[in-house]
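Written out below as structure tokens is the structure these notes cover.
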Amino acid sequence: MTSFARSGETLMLRCLEAHSRISVVNQIVSGDRELPQDNALFHALREYSDTVIRRGHPLLAHRNPHPFGIILVKYGIWVHKYPHVNFVLARNPFAIVKSLKQYALSNQENEGARRKRLARWALQIDRSLVDLCRTGDETEATARLYLAKMTAPESQRLGVVRYEDFVADPAVQLKRVLEMLGLGWTPDVLNSHEAYAKGAVGHGDIDLSAPIRQTKFTPNVDLPKREFDVIASITKPALDLYGYKASNGTVSLL
């Protein structure tokens, strides 16, 4: 699953994990509760050069995946260099910048922590952006990372789903994703929250036990004009690619 941080990846993965033929490799529960075997599998698949892995592979010994099932890996903060089959979960970059700010605030992160995270992402997405992430404008750095990640070459893209469409009509968009993956519909994906204990915390601090909150898209971005203009200018190729239009402080879905 191609994405960028703060794009609703954990919510999408939680839903898809509920399908009997999909095995999501970590990145759902918070890091301290992830299985060591899953972490090993995740890092191995980042360097895996094929699109098929046998069920009997030692890395899958703890998983027992479905025959002809799908191993789903989120790659939001690196560019995969090997052949792969993917779908895209896109979110407009203005909302991502705003969400990153809110995340940093709620976790009491200082500027040093924010820049360290951006530089870590740059090392895996585009090394030429490392210095900008460490010492330059944070909004510009985030926008350039988003552009580099969301326009990186892909070997076999199955389709695109936008986060804004996903939370507005989860059933329709989840059906689309399953069709992209060649899988049939099951209502389990809509009820995926029922598999988690009340208050269970996932990646990005989301409540895994909460059902999907259907949210109608609003065009107002609520960012300072300078930040909006910087993001709009830098990410325009990605905005065009994923059907967003930015103008006068608002974002439209095309």
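The values are calculated or read from the model by the stated rules, or taken from the named source; none is laboratory data. Bear in mind that the values here come from a model prediction, so they are computed numbers and not experimental data. Using ideal geometry, Cβ is built from the backbone for each residue, glycine included, and neighbour counts are taken over all protein chains shown. SASA here: full protein model, heavy atoms, side chains in, ligands and nucleic acids out. Shrake-Rupley method; radii C 1.70, N 1.55, O 1.52, S 1.80 Å.
Before moving on, here are some points about what is shown:
- Applying a DSSP loop filter and a limit of 12 other Cβ atoms within 10 Å to the GluC sites (Glu not before Pro) in the range 1-78 leaves Glu47.
- Nearest-0.05 FRET efficiency for Ser20 and Lys98, computed from C-beta distance (R0 30 Å): 0.25
- Excluding ligands, DNA and RNA, the accessible surface per residue across the range 192-254 is 62 Å² with a 1.4 Å probe.
- GNM top mover of Leu223, Leu16, Leu105 - the chain, alpha-carbon springs below 10 Å: Leu105
- Per residue, in Å², the accessible surface of the range 20-75 once ligands and nucleic acids are set aside, probe 1.4 Å: 58 Å²
- Inter-probe distance in nm under a simple model that places probes 7 Å from Cα toward Cβ, at Ala152 and Ser252: 3.2 nm
- Note on Asp229 and Asn107: the extension gain reaches 41.2 nm, defined as 0.36 nm multiplied by sequence separation minus the Cα-Cα distance.
- Carbon and sulfur %, accessible surface of the range 9-156 computed with the full protein complex present, 1.4 Å: 51 percent
- Whole-Hz couplings from phi, Karplus 6.51/-1.76/1.60, listed for the range 150-155; x for Gly and Pro: 7, 10, 5, x, 10, 8
- Placing a label point 7 Å from the Cα of Ile53 along the Cα-to-Cβ direction, the residues of the range 169-202 whose backbone N falls under 20 Å from that point are 181-183.
- Overall form of the range 171-230 per C-alpha gyration tensor (a/c, 1.5; a/b vs b/c): oblate
- Calculated from the structure at hand, mean projected area of the Cα convex hull in nm² is found among (i) 16.9; (ii) 13.3; (iii) 19.9 as (ii).
- For the range 103-254: relative contact order, % (alpha-carbon pairs under 8 angstrom, 6 or more apart): 20 percent
- Paramagnetic reach from Val85 (point 7 Å along Cα→Cβ, amide N under 18 Å) across the range 16-59: 16-17, 19-25, 45-46, 48-57
- Taking the chain and dividing mean pair separation by its residue count, relative contact order in percent (alpha carbons under 8 Å, at least six apart): 25 percent
- Lysine pairs in the range 82-240 whose alpha-carbon atoms fall under 20 angstrom of each other, counting only those eight or more residues apart or on distinct chains, come to 12.
- Pairwise centroid distance, computed over Cα atoms, of the range 66-133 with the range 183-201, Å: 24 Å
- Electrostatic bookkeeping for Phe68 treats Lys and Arg as +1 and Asp and Glu as -1; over the other residues with beta carbon under 10 Å from its beta carbon, the sum is +2.
- With a simple spin-label model that places each label point 7 Å from the Cα along the Cα-to-Cβ direction, the separation between Glu194 and Lys245 comes to 4.2 nm.
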